[in-house]
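The values are calculated or read from the model by the stated rules, or taken from the named source; none is laboratory data. These numbers were taken from a predicted model, which means no experiment stands behind them. Note that we place each Cβ from the backbone using ideal geometry, even for glycine, and neighbour counts take in every protein chain shown.
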Amino acid sequence: MKEHYSQVDSHKHFVLKAYNRLKDFVPNMLKEDAENHDLSKYDFSQAIGYTARWVHMMDNDAWKKSLEDHYKREPHHPQYFGSERMKTRYLEESLIDMVGSRWERNLKGDENAKTSDIVDFDPVYLKRYHKEDFDEVLTLINKIKESDKK
C-alpha cells in the first residue's frame, strides 16, 4: 500500500499545483478543497482497492467497492450527486482534479506546459457529467484555453 499512498501524495501535489495555476478561473473552489482533495483515499477501506487496481493492475471487487466508496464520500465526483447537478464549488474541483491528473500523468509534470495543454482532455472524461454541468465545464475549459492566446 506504500506505493498507493505515494500515488495519492503525488496526485494531491498536482491538484494543488493545478489549483494555484488556475485559481482565477475557479472562484468558488477553496484552497482548502485542493489541500484536502481525495483524503478518503488514505483510509484503509479505499487503500486496499486502489492498491489492487493501480499498483497491481487488478480489476476486482475490492477495487469496485473502493471506487464506489470514494464516489460516495468525495463531492468533486459527479457520481456523488446522482442525478442532481453538482454544486459549483465541487464542479470546479472536479475540473482541477482532471487538470492535476493530466498534468501529472500525460504531461509528465512538465513545468513549462501551456495552460491550454493542461486542460486539453480526452472528451471521454467529460461524459460523466450531467448535461448542464458538462456545458459549464466545457465553457470553463474553453475560457481557460482562450487565456493562452492573450
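Name the single residue, out of those in segment 77-99 being part of a helix (DSSP H, G or I) and in contact with a His (Cβ under 6 Å, 6 or more places away or on another chain), that is farthest from LYS131 (Cα to Cα).
ASP97
Counting just the residues of segment 89-120 that are closer than 15 Å to TYR19 by Cβ and polar (S, T, N, Q), which one comes out surrounded by the most Cβ atoms within 10 Å (Cβ to Cβ)?
Among those residues, the one meeting the criterion is SER94.
State yes or no: is SER40 out of contact with any Phe, Trp or Tyr (no Cβ under 9 Å at 6 or more places or on another chain), part of a helix (DSSP H, G or I) and free of Cβ contacts under 8 Å to residues at least 40 places away in the same chain?
yes
Could you look through segment 121-144, keep only residues that are crowded, with 16+ Cβ neighbours inside 10 Å and in contact (Cβ under 8 Å) with a residue 24 or more places away in the chain, and pick out the one that is farthest from HIS13 (Cα to Cα)?
So, considering only residues that are crowded, with 16+ Cβ neighbours inside 10 Å and in contact (Cβ under 8 Å) with a residue 24 or more places away in the chain, the one farthest from HIS13 (Cα to Cα) is HIS130.
Could you list, in sequence order, the residues of segment 1-44 that are more than 12 Å from ILE96 (Cβ to Cβ) and among the polar types (S, T, N, Q)?
Hits for segment 1-44 are SER6, GLN7, SER10, ASN36, SER40.
For segment 103-118, which residues satisfy the criterion of being without any contact (Cβ under 8 Å) to a residue 40 or more places away in the chain and in contact with a helix residue (DSSP H, G or I) (Cβ under 6 Å, 6 or more places away or on another chain)?
Scanning segment 103-118 gives a single hit, SER116.
Out of VAL137, VAL124, report the one residue that is at pLDDT below 95 and assigned to a helix (DSSP H, G or I).
VAL124
Is it true that some residue in segment 83-99 is over 15 Å from the mean Cα position of the chain (by Cα) and hydrophobic (A, V, I, L, M, F, W, C)?
no
How about segment 45-85: which of its residues are in contact (Cβ under 8 Å) with a residue 40 or more places away in the chain, surrounded by fewer than 19 Cβ atoms within 10 Å (Cβ to Cβ) and of a type in the set (Phe, Trp, Tyr)?
Those that are in contact (Cβ under 8 Å) with a residue 40 or more places away in the chain, surrounded by fewer than 19 Cβ atoms within 10 Å (Cβ to Cβ) and of a type in the set (Phe, Trp, Tyr): TRP54, PHE81.
Could you check, for segment 59-71, whether at least one of its residues is out of contact with any helix residue (DSSP H, G or I) (no Cβ under 8 Å at 6 or more places or on another chain) and part of a helix (DSSP H, G or I)?
Yes: segment 59-71 contains one or more residues that are out of contact with any helix residue (DSSP H, G or I) (no Cβ under 8 Å at 6 or more places or on another chain) and part of a helix (DSSP H, G or I).
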